[in-house]
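What follows draws every value from the coordinates through simple rules; no lab data is involved. In this text the structure is predicted, and so the values were computed from the model without any measurement. Here Cβ is always computed from backbone atoms with ideal geometry, including for glycine, and neighbour counts include all displayed protein chains.
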């Protein structure tokens, strides 16, 4: 690789690192704020008048939504950290499974991509197959009879 190409790659990685670190800081602040808000609302509900069944149900649904949003943001933080680690190690841009270079177009769209398109498709197929097998297994255990 020429010195100019190496310099361009380093600039691209430095830019990506800065973007990811900024994104991580923003998401961390949002997660902390959301947790603080949920805790505050829970405390307020606990100290206010007794809620009727409808209010309680609505509050529980809202809490579930808030928790799901926090969980999604936390997963994004995990992906950002893993991507930053790969940048530091020098393994960013290479498939975790096969070791081949991940297409630059894929990385532009999915900067967290740890697998090339082919390996990711294989992984998703395996995950889907495991879900189907698990749901069949649960159906069998619930009914005691295999479901087809």
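Things worth noting here:
- Rounded to the nearest 0.05, the FRET efficiency derived from the C-beta distance between residue 97 and residue 41 at R0 = 30 Å is 0.10.
- Separation in nanometres of the label points that stand 7 Å from Cα toward Cβ, at residue 27 and residue 140: 3.8
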